[in-house]
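Notes for the one structure printed next.
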Amino acid sequence: MAPELFLDKGEVDGRADIYALGCVAFRMLTGRLVFESTNPLGVMLQHAKTPPEPPSRFAELSIPKSLDQLVLACLEKEPDDRPNSADELWRVLGQIEFDDPWTPER
């Protein structure tokens, strides 16, 4: 859940979905949640206040630095610091170079 959904920070827009997508990307890259706690309130507080670690810290395979940075940008606490739209996110993602890129054959 994006921090602005449970902190009274004004109007919520599509950048909350960008935050959620960052959480999903983190899970896909690492196999773990962005934040863990023994209770839901602890997780919420971490989403509100704790900077996340880069996914590369937990991944078994190499993650390009630019992908690390993009996931962390999606997980910014302030909506204004995240990518503004899915189109922007898609554009930046398309510019990331991978050592072993996915192909239609793979």
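Step through the residues of the stretch 50-56 one at a time and calculate ³J(HN,Hα) from phi using the Karplus curve (6.51 cos²θ - 1.76 cosθ + 1.60, θ = phi - 60°), rounding each to whole Hz and writing x for Gly and Pro.
Computed from phi, the couplings for the stretch 50-56 are 8, x, x, 7, x, x, 4 Hz.
On a full-extension model of 0.36 nm per residue, what is the gain between Ile96 and Glu36, subtracting their alpha-carbon distance, rounded to one decimal in nm? Each step should come with its number before you reach the end.
Numbers: separation 60, 0.36 × 60 = 21.60 nm, distance 2.84 nm.
Difference between extended and current length: 18.8 nm.
May I ask you to compute the full-extension gain from Gln69 to Glu88, defined as 0.36 nm times their residue separation minus their alpha-carbon distance, rounded to one decimal in nm? The partial results should precede the final answer.
On the way: separation 19, 0.36 × 19 = 6.84 nm, distance 1.42 nm.
Going from the current span to full extension adds 5.4 nm.
With θ set to phi - 60° and the Karplus curve 6.51 cos²θ - 1.76 cosθ + 1.60, what are the ³J(HN,Hα) couplings of the stretch 28-43 in order, to the nearest whole Hz, using x for Gly and Pro?
5, 7, 10, x, 9, 7, 4, 10, 10, 7, 7, 8, x, 4, x, 5
What relative contact order, as a whole-number percentage, does the chain give when Cα pairs under 8 Å and 6 or more residues apart are counted? Display every interim value, and only then the final one.
Values: 109 pairs, mean separation 31.9, N = 106.
In percent, rounded to a whole number, it is 30.
So what's the back-of-envelope 222 nm ellipticity for the chain, counting only DSSP H runs of four-plus at -39500 (n - 2.57) apiece and dividing by all residues, rounded to 500? Mind showing how you got there, number by number?
Numbers: 5 runs with 49 residues, N = 106.
About -13500 deg cm²/dmol.
Counting only protein heavy atoms and a 1.4 Å probe, tell me what percentage of the chain's accessible area is made up of carbon and sulfur.
54 percent
Please give the per residue accessible area of the chain, computed with a probe of 1.4 Å over protein heavy atoms only, in Å².
69 Å²
Output wanted: per-residue J couplings in Hz (rounded whole) for the stretch 81-94, from phi through Karplus 6.51 cos²θ - 1.76 cosθ + 1.60, θ = phi - 60°, x for Gly and Pro.
Per residue, the Karplus-derived 3J(HN,Hα) values read 8, 8, x, 7, 7, 5, 4, 5, 4, 4, 4, 5, 4, x Hz.
Can you give me the angle between helix 65-74 and the longest principal axis of the chain, using Cα atoms only, in degrees from 0 to 90, rounded to the nearest 10?
Between the helix axis and the principal axis of the chain, the angle is about 30 degrees.
The values are calculated or read from the model by the stated rules, or taken from the named source; none is laboratory data. All values reported here derive from a predicted model rather than from experimental measurement. Just so you know, the surface numbers come from the protein's heavy atoms only, side chains and all, with ligands and any DNA or RNA stripped out. Shrake-Rupley method; radii C 1.70, N 1.55, O 1.52, S 1.80 Å.
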